[in-house]
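Enquirer: Mind having a look at this structure? Questions to follow.
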Amino acid sequence: MENKTAIFIDAENITAFEAYPLIFKNLISKGYIPCIRKMVISQITDEFKDLTSIVKQNYFDLVLSYKPIESKKEKNKNNADFRLYIEVCKVLFSKEYQDINTFVIGSSDEGFTELIILLKKMGKKVLGIGNRGKGRPLTSTQFKQLFDEFYFVEDILEAEKKKQEEALLEAKKKAEQKANKKEKKRAKKTKTVINNTPKVNNNEPKKEVIIDIKPIEKNEEYYKTLNNALLESAKQKTRFEFSELKNYVMKRYNLPLTKGDLETLNIVITQDNGKDFVKLTIENPEPNQN
């Protein structure tokens, strides 16, 4: 049986508007089909200045419940709550929506307790979405326990943040692997020319021996050797442009070097005027013999 779902959000209670699309995404992933989406507010204030985009992006039916009350203390008090009650009951008792079997109430307000009890008496599954943290009325344990399932807004946002961070790390890892693979491929094709000219007779033509450089396995021994090479390089110069350091290490120590190798050794690469620079430091420099 399909979980046809009606969703009712008290926008004055659930104010983390960036969570709305994640709420729907979370429900759909669990098999709930949002057939009705209603957002209820009592009046449009500065807090809802982006209301049009929020409604359009999340396919809401906006329900505005505004009834001015002269007393400032009681101005529009509970208007949105009363209207949300009405909107839920219109769906619950309508023949048109008898196939709606799941209702979602987005609010931490315990004033909806009787409504939830009514929905469950009518055989409906009831899900809740509310606030865990500070800034808005919090969800009490008793109120949360009324629902068949309950989701905290903060947990939904945190899960999405973690997912994005993991995706970024995975993308970075793949980029490094691709760069290392490209570097190994380039190193494999590199030829080194060694001058083998005898010193006895300077008139004889120079003999050149071509040697293929085999790819170096970047294991613990490689990074140990590279670290020593960088320490020696730091004695000559403490700040290198990356391309300069790369050529210097390759020429002097016969070691291929990538930005990923420096990151492995916790060496930071900075940028200056569009160029990458590497700063090398020695923990315990040897005393100057001069």
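The values are calculated or read from the model by the stated rules, or taken from the named source; none is laboratory data. No experiment lies behind these values; they were computed from the predicted model shown. Positions of Cβ are backbone-derived with ideal geometry, glycine not excepted, and every protein chain shown enters the neighbour counts.
Conditions tested, residue by residue: (1) among the aliphatic types (A, V, I, L, M); (2) surrounded by 14 or more Cβ atoms within 10 Å (Cβ to Cβ); (3) at positive phi.
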position	(1), (2), (3)
Lys218	no, yes, no
Glu221	no, no, no
Ser233	no, yes, no
Phe240	no, yes, no
Tyr248	no, yes, no
Leu257	yes, yes, no
Gly260	no, yes, no
Asn266	no, no, yes
Gln271	no, no, no
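Enquirer: Please identify the pairs in which a residue from the stretch 87-99 that is in contact (Cβ under 8 Å) with a residue 24 or more places away in the chain and under 22 Å from Ser42 (Cα atoms) has its Cβ atom under 7 Å from the Cβ atom of a residue that is part of a helix (DSSP H, G or I) and among the aromatic types (Phe, Trp, Tyr), counting only partners at least 6 apart or on another chain.
Expert: Between residues of the stretch 87-99 that are in contact (Cβ under 8 Å) with a residue 24 or more places away in the chain and under 22 Å from Ser42 (Cα atoms) and residues that are part of a helix (DSSP H, G or I) and among the aromatic types (Phe, Trp, Tyr), the close pairs are Val91/Tyr97.
Enquirer: Further question: Counting residues that are modelled with pLDDT under 85, which strands (runs of 3 or more DSSP E) fully inside the stretch 201-290 reach at least 2?
Expert: Fully inside the stretch 201-290 and qualifying: 208-212.
Enquirer: Just the residues that are among the charged types (D, E, K, R), farther than 14 Å from Phe277 by Cβ and touching a residue at least 24 places away in the same chain (Cβ under 8 Å), please, taken from the stretch 231-262.
Expert: Those that are among the charged types (D, E, K, R), farther than 14 Å from Phe277 by Cβ and touching a residue at least 24 places away in the same chain (Cβ under 8 Å): Lys235, Asp261.
Enquirer: Here is a follow-up. The conditions are (1) closer than 16 Å to Ile7 by Cα; (2) outside the structural domain of Pro34 (by TED's automatic domain parsing); (3) among the small types (Gly, Ala, Ser), and Ser108 fails exactly one of them. Which is it?
Expert: It fails just one condition, (2).
Enquirer: Kindly provide the set of residues from the stretch 12-29 that are in contact with a helix residue (DSSP H, G or I) (Cβ under 7 Å, 6 or more places away or on another chain) and among the hydrophobic types (A, V, I, L, M, F, W, C), ordered by number.
Expert: Ile14, Ala16, Phe17, Ala19, Leu22, Ile23, Phe24
Enquirer: Quick one: which of Leu119, Leu84, Leu64 is in the same structural domain as Ile14 (by TED's automatic domain parsing), within 38 Å of the chain's Cα centre (by Cα) and modelled with pLDDT of 95 or more?
Expert: Testing whether each residue is in the same structural domain as Ile14 (by TED's automatic domain parsing), within 38 Å of the chain's Cα centre (by Cα) and modelled with pLDDT of 95 or more leaves just Leu119.
Enquirer: With respect to the numbered conditions (1) surrounded by 13 or more Cβ atoms within 10 Å (Cβ to Cβ); (2) at pLDDT below 85; (3) polar (S, T, N, Q), which one is the sole condition not fulfilled by Ser71?
Expert: (1)
Enquirer: Then there's this: Taking only the stretch 167-200 into account, find how many residues are modelled with pLDDT of 80 or more and either assigned by TED's automatic domain parsing to the domain that holds Arg132 or closer than 20 Å to Arg252 by Cβ (or both).
Expert: Qualifying residue count for the region: 1.
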